[in-house]
Amino acid sequence: MKVTFLGTGTSVGVPRIGCTCPVCTSQDSKNKRFRCALHVEHNGHSILVDTGPDLRTQSLTYAVNRVNAVLFTHGHADHLYGLDDVRSYCFEREDPLPCYADARTIERIKRVFDYAFDANAPSATPQIELIEIEGDFELFDLAIQPIYVYHGRLPVLAFRIGDFAYVTDTNRIPDEGMERLQQLDVLVLDALRHKAHPTHFNLSQALKVIEQLQPKRAYLTHIAHDLEHHATNADLPPNVELAYDGLTLDLH
């Protein structure tokens, strides 16, 4: 299985519009962050995790030329609002593109992208099939474990795939979730900034969770402009680092 980080930035991305801080004006590519998304490749199949507003640019930048399914963590704009761009992945398909989400996110997709479900829509629409996630399931020979975590008061989905887990947009993981995230080779975890935030782990909180879970490796994502890539990495434990756009992991 190969995993590529299509985006590692917070909801406004980095650089942030109108900001002239050292990170936002940095020329280092590792300080430039699209909105969060992930690409998983396995046995000739291609899965997107979330479709944020940067999806078209991400797909062109990282050569995501085909998608066989989409997993959604939740329905916030920075994780959903690029959904229309999956139209390009539907042109050569005979069947609608399967999109997996919980009931709350499906309801939001139907409301925000209502035209996609209108048989009389006057123009091209994304041809998608919404599939409600109700428990563990298998996708292209991958065992997918959805795990609820909390983004403030909002329950959102994390995903464990084998010994890899993707846990973004959270500031609280319930005991059941912590139990299901044990014995990981790789944990990807939300770590927004140094300062506390009401709906995201800050850096110190994320490190405490990593210390509890003891994955072999951990990568931090959903990063704001507060965290300069190299300076932050220099202070992290040896098995923890900031992810960056374009980072690829080969996992077994």
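The values are calculated or read from the model by the stated rules, or taken from the named source; none is laboratory data. On a predicted model such as this, the values are computed, not experimentally measured, just so you know. Note: ideal-geometry Cβ built from the backbone for every residue, glycine included; neighbour counts use all protein chains shown.
Filter the range 8-36 for residues that are in contact with a helix residue (DSSP H, G or I) (Cβ under 6 Å, 6 or more places away or on another chain) and assigned to a strand (DSSP E or B) and give the result.
Once the filter is applied, which keeps residues that are in contact with a helix residue (DSSP H, G or I) (Cβ under 6 Å, 6 or more places away or on another chain) and assigned to a strand (DSSP E or B), the range 8-36 yields only ARG35.
Name the residues in the range 203-229 that are of a type outside the set (A, V, I, L, M, F, W, C), buried (at least 16 other Cβ atoms within 10 Å of the Cβ) and either more than 17 Å from the chain's Cα centre (by Cα) or farther than 27 Å from THR20 by Cα (or both), would you?
Within the range 203-229, GLN205, PRO215, ARG217, HIS225, ASP226, GLU228, HIS229 meet the criteria.
Which one of the conditions (1) surrounded by 15 or more Cβ atoms within 10 Å (Cβ to Cβ); (2) touching a residue at least 40 places away in the same chain (Cβ under 8 Å) does ARG108 fail to meet, given that it meets all the rest?
(2)
Go through (1) farther than 26 Å from GLY13 by Cβ; (2) modelled with pLDDT of 95 or more one by one and return the number of the condition PRO122 breaks.
Looking at each condition in turn, PRO122 falls short on (2).
Testing ALA77 on (1) in contact (Cβ under 8 Å) with a residue 40 or more places away in the chain; (2) more than 19 Å from the chain's Cα centre (by Cα), one condition comes back false. Which one is that?
Of (1) in contact (Cβ under 8 Å) with a residue 40 or more places away in the chain; (2) more than 19 Å from the chain's Cα centre (by Cα), only one is false for ALA77: (2).
Of everything in the range 8-30, what is within 18 Å of the chain's Cα centre (by Cα) and within 14 Å of LEU242 (Cβ to Cβ)? Give them in sequence order.
Across the range 8-30, the qualifying residues are THR8, GLY9, THR10, VAL14, LYS30.
Checking the condition touching a Leu at 6+ places or on another chain (Cβ under 8 Å), at pLDDT 95 or above and on the phi > 0 side of the Ramachandran plot, which residue from HIS229, HIS222, HIS194 passes?
It is HIS222.
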